[in-house]
Amino acid sequence: MHRFFYIESGNILSNLLICRDLKMESLKNIVPNEDFNWDSYEKGDDLTTGKNAEELTKTYDETLSTVKDKEVVLGTVTAMNKREVVVNIGFKSDGVVPMSEFRYNTDLKIGDQVEVYIENQEDKKGQLILSHKHARAARSWDRVNEALDRDEIIKGFVKCRTKGGMIVDVFGIEAFLPGSQIDVKPIRDYDVFVGKTMEFKIVKINQDFKNVVVSHKALIEAELELQKKEIISRLEKGQVLEGTVKNITSYGVFVDLGGVDGLIHITDLSWGRVSHPEEIVQLDQKVNVVILDFDDEKKRIALGLKQLTAHPWDALDKDLKVGDIVKGKVVVMADYGAFVEIAPGVEGLIHVSEMSWTQHLRSAQDFMKVGDDVEAVILTLDRDERKMSLGVKQLKPDPWDNIEERFPIGSTHKAKVCNFTNFGVFVEIEEGVDGLIHISDLSWTKKVKHPSEFTALGAEIDVQVLDIDKENRRLSLGHKQLEENPWDVFESVFTVGSIHDGTIIETMDKGAVISLPYGVEGFATPKHLVKEDGTQAKLDEKLQFKVIEFNKEARRIILSHSRIFEDEQKTSKKEDGKKGSKKEALPQSSVEKTTLGDIEELAALKEKMEVDAKK
């Protein structure tokens, strides 16, 4: 046996001498082999087996697999640790695959057959390079389609969260797991699934975009379906079961009854008013429920929670009766009234008409709001129908009980304008005491077409009680009655035939309204508005008018401008001389005007009207 030594030295001659000495020493120990076959050695045959070189090459080739780069082959796991997996593919050397490529398969063990992709038969270190990940990717699309066709259960590795669900590694392809397909019950924390290997079914493949959708929920739905049928077959109406609150919505609560879900509608949670189910139950809470109804075909189960307790009306005080005063809290408001809860589950309605004695009813929100604590009188009580009506105004005295004493006819008061109609003004003297001022009782002198011309809503106005209608709870009121009737004086002022200055303030087809002294208005028809030159009088024109009619009861004065010169013309014809007729006519008109201006009553009336106008 030859021995070789490598001696590190800078002297080459010394090294050669040493090697010569070693070689000579080894040759002394060599013994010749008498049986050595030099003929076979020269032919290249195996001296130990007697086989020739061709046979040896053939035998070698038969013991090794013939593989190619970039090919997917099947190998056997021969060893593994936390970092690497050793795979034998029948090649001259084994390949090493990173353990991370098998993270989807937590059950991998020695002896398992796995597909690997040959990256390189021999790298710089002579190592066989394999990849399980690339092998899966090379055949993944075929495997995915095959799994969908066969409805096969596959394993996948949950890589991470994404919007609306999770990303799952399936055969090396990133598949989407919707949040609704993770489990049969809603999942509140997706992060607990990240990094786990789970079983899935492929439910959808988009061939164009190479998208894959998987479901874990589909695996357990079939089993749950059998459980549901078994559970529903044992259900009976009125049966009490224990369940777990699974989901809470605005309209009710879903309860897991052990494989099948039932719904407690919000109205069946409590006998009282419930704004949201979270006021009564919480997620994952254990609750006892009663089965109200169920549907075998649609597998819907209606549950109740309040039915496990007695109805509050049954526990209502037996001595409670009409006329009793109760306290409660406003739980619901409507335009027509308020619902007041006087005990949990026992409510009464206060109609808006029972909130105040006033006849001018408004919305119930003007009197109360949700959450108010109120005191009310029981007006009606029906235990069979479980209905109750309440009143608030009954806690105060009825203002109409002694109306004649507090508001006698002829008395004057201040009132608030509440409403207008074409025929008058509705006012409120105090809460519950309303009255009407007819449009004709607003002013002695002014012709009011609509009450809004005279006053405004919410304004304060002085009134006098003219009449009392206790049965209909209405007062007849007047405003002009607070002043003396000026028409008693006007009767002696605006006598028929008298002439006065006036201004046309309004024109219409039937004639014109003329403003006269002292705030009085008269009326003239079109034919009485013709001037001496034949033209028609116009709006805002100031002229003289003669009174041709005076009606005190109707407060009506009919005027004429044309009658002035017409009468003068008639007078001139009767008289012989033009001068004589003029001398007589002018002093008469002058006397009338002078006499009217000197009347003491008119002066006093004028002064009073001016003071009222300033106010």
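The values are calculated or read from the model by the stated rules, or taken from the named source; none is laboratory data. Every value quoted in this text rests on a predicted model; they were computed, and no experiment measured them. For neighbour counting, all protein chains shown are included, and Cβ atoms are generated from backbone atoms with ideal geometry for every residue, glycine included. In case anyone asks, the SASA skips ligands and DNA or RNA and just uses the protein heavy atoms, side chains included. Shrake-Rupley method; radii C 1.70, N 1.55, O 1.52, S 1.80 Å.
Can you find a residue in segment 244-252 that is part of a strand (DSSP E or B) and either touching a residue at least 60 places away in the same chain (Cβ under 8 Å) or within 20 Å of GLN181 (Cβ to Cβ) (or both)?
Scanning segment 244-252 turns up at least one residue that is part of a strand (DSSP E or B) and either touching a residue at least 60 places away in the same chain (Cβ under 8 Å) or within 20 Å of GLN181 (Cβ to Cβ) (or both).
Within segment 524-541, is even one residue among the charged types (D, E, K, R), part of a helix (DSSP H, G or I) and in contact with a strand residue (DSSP E or B) (Cβ under 9 Å, 6 or more places away or on another chain)?
Keep residues of segment 524-541 that are among the charged types (D, E, K, R), which gives 527, 531-533, 538, 540-541.
Now narrow it down to the ones that are part of a helix (DSSP H, G or I): 527.
Then keep just the ones that are in contact with a strand residue (DSSP E or B) (Cβ under 9 Å, 6 or more places away or on another chain); that gives 527.
Yes, segment 524-541 has at least one match.
Before we move on, is ASP434 open to solvent by less than 10 Å² (accessible area, probe 1.4 Å) and of a type in the set (Asp, Glu)?
In short, yes.
Anything in segment 537-570 that is among the polar types (S, T, N, Q) and either in contact (Cβ under 8 Å) with a residue 24 or more places away in the chain or surrounded by 14 or more Cβ atoms within 10 Å (Cβ to Cβ) (or both)? List them, or say none. Step through it out loud before you land on a result.
Of segment 537-570, the ones among the polar types (S, T, N, Q) are 544, 551, 560, 562, 569.
Listed by number, the residues that qualify are GLN544, SER560, SER562.
How many residues does segment 432-459 contain that are touching a residue at least 60 places away in the same chain (Cβ under 8 Å), more than 16 Å from ASN472 (Cβ to Cβ) and either aliphatic (A, V, I, L, M) or part of a strand (DSSP E or B) (or both)?
0
Across segment 314-337, which residue is most open to solvent (accessible area, probe 1.4 Å) among those that are in contact with a strand residue (DSSP E or B) (Cβ under 7 Å, 6 or more places away or on another chain) and closer than 16 Å to SER275 by Cα?
LYS329
Run HIS450 past the list (1) modelled with pLDDT of 85 or more; (2) closer than 20 Å to PHE523 by Cβ; (3) open to solvent by less than 20 Å² (accessible area, probe 1.4 Å) and report the number of the one that doesn't hold.
(3)
Among the residues of segment 67-121, count how many are within 18 Å of ALA137 (Cα to Cα) and touching a Pro at 6+ places or on another chain (Cβ under 7 Å).
0
State all residues of segment 377-395 that are under 34 Å from the mean Cα position of the chain (by Cα) and assigned to a strand (DSSP E or B); if no residue qualifies, say none.
Residues satisfying the conditions are LYS387, MET388, SER389, LEU390, GLY391.
Scan segment 340-357 and give yes if some residue there is open to solvent by 20 Å² or more (accessible area, probe 1.4 Å), in contact with an Asp or Glu (Cβ under 8 Å, 6 or more places away or on another chain) and within 21 Å of ARG473 (Cβ to Cβ), otherwise no.
Yes: segment 340-357 contains one or more residues that are open to solvent by 20 Å² or more (accessible area, probe 1.4 Å), in contact with an Asp or Glu (Cβ under 8 Å, 6 or more places away or on another chain) and within 21 Å of ARG473 (Cβ to Cβ).
Give the residues of segment 255-285 that are open to solvent by less than 60 Å² (accessible area, probe 1.4 Å), part of a strand (DSSP E or B) and of a type outside the set (D, E, K, R), sorted by residue number.
Of everything in segment 255-285, those that are open to solvent by less than 60 Å² (accessible area, probe 1.4 Å), part of a strand (DSSP E or B) and of a type outside the set (D, E, K, R) turn out to be VAL255, GLY262, LEU263, ILE264.
Name the single residue, out of those in segment 106-136 being open to solvent by less than 40 Å² (accessible area, probe 1.4 Å) and not hydrophobic (A, V, I, L, M, F, W, C), that is modelled with the highest pLDDT.
Of everything passing the filter in segment 106-136, ASP112 is modelled with the highest pLDDT.
Between a first residue in segment 479-500 that is touching a residue at least 12 places away in the same chain (Cβ under 8 Å) and a second residue that is part of a helix (DSSP H, G or I) and of a type in the set (A, V, I, L, M), which pairs have beta carbons less than 7 Å apart while being 6 or more apart in sequence or on different chains?
Every condition considered, the pairs that remain are PRO486/LEU605; VAL489/LEU602; VAL489/LEU605; VAL493/LEU596; VAL493/LEU602; SER498/LEU596; ILE499/ILE564.
Of the conditions (1) more than 12 Å from LEU475 (Cβ to Cβ); (2) surrounded by fewer than 15 Cβ atoms within 10 Å (Cβ to Cβ), ILE409 satisfies every one except a single condition; which number is it?
Going through (1) more than 12 Å from LEU475 (Cβ to Cβ); (2) surrounded by fewer than 15 Cβ atoms within 10 Å (Cβ to Cβ) one by one, ILE409 breaks only (1).
From the list GLY164, GLY156, GLY179, pick out the single residue that is out of contact with any Leu (no Cβ under 7 Å at 6 or more places or on another chain), surrounded by 20 or more Cβ atoms within 10 Å (Cβ to Cβ) and under 16 Å from VAL203 (Cβ atoms).
Within the list GLY164, GLY156, GLY179, the selection yields GLY156.
Going through ASP540, ASP501, ASP488 one at a time, which residue ends up being under 25 Å from LYS570 (Cβ atoms) and not β-branched (Val, Ile, Thr)?
Just a single option satisfies the conditions, and that option is ASP501.
State all residues of segment 222-237 that are in a helix (DSSP H, G or I) and either in contact with a Gly (Cβ under 6 Å, 6 or more places away or on another chain) or surrounded by 15 or more Cβ atoms within 10 Å (Cβ to Cβ) (or both); if no residue qualifies, say none.
From segment 222-237, those in a helix (DSSP H, G or I) are 222-233; that's our starting set.
If the condition is that a residue be in a helix (DSSP H, G or I) and either in contact with a Gly (Cβ under 6 Å, 6 or more places away or on another chain) or surrounded by 15 or more Cβ atoms within 10 Å (Cβ to Cβ) (or both), then LEU224, GLN227, LYS228, ILE231, ILE232 are the ones that fit.
Looking only at segment 80-92, how many residues end up being out of contact with any Asp or Glu (no Cβ under 8 Å at 6 or more places or on another chain), over 22 Å from PHE157 (Cα atoms) and open to solvent by less than 80 Å² (accessible area, probe 1.4 Å)?
3
Report, by residue number, each residue of segment 522-536 that is open to solvent by 40 Å² or more (accessible area, probe 1.4 Å) and within 27 Å of VAL489 (Cα to Cα).
Passing the criteria: PHE523, THR525.
Go through segment 327-350 and report how many residues are among the aliphatic types (A, V, I, L, M) and out of contact with any Gly (no Cβ under 6 Å at 6 or more places or on another chain).
8
Tell me, please, whether a residue that is more than 41 Å from the chain's Cα centre (by Cα), touching a residue at least 12 places away in the same chain (Cβ under 8 Å), part of a strand (DSSP E or B) and more than 30 Å from TYR518 (Cβ to Cβ) can be found in segment 411-431.
So far as segment 411-431 goes, yes, one or more of its residues are more than 41 Å from the chain's Cα centre (by Cα), touching a residue at least 12 places away in the same chain (Cβ under 8 Å), part of a strand (DSSP E or B) and more than 30 Å from TYR518 (Cβ to Cβ).
Scan segment 482-505 and tell me whether some residue there is surrounded by fewer than 20 Cβ atoms within 10 Å (Cβ to Cβ), under 60 Å from the mean Cα position of the chain (by Cα) and part of a strand (DSSP E or B).
Within segment 482-505 (the criterion being surrounded by fewer than 20 Cβ atoms within 10 Å (Cβ to Cβ), under 60 Å from the mean Cα position of the chain (by Cα) and part of a strand (DSSP E or B)), the answer is yes, since at least one residue qualifies.
Assuming TYR251 fulfils every condition listed in (1) farther than 19 Å from VAL331 by Cα; (2) open to solvent by 60 Å² or more (accessible area, probe 1.4 Å) apart from one, which condition is it?
The single condition TYR251 does not satisfy is (1).
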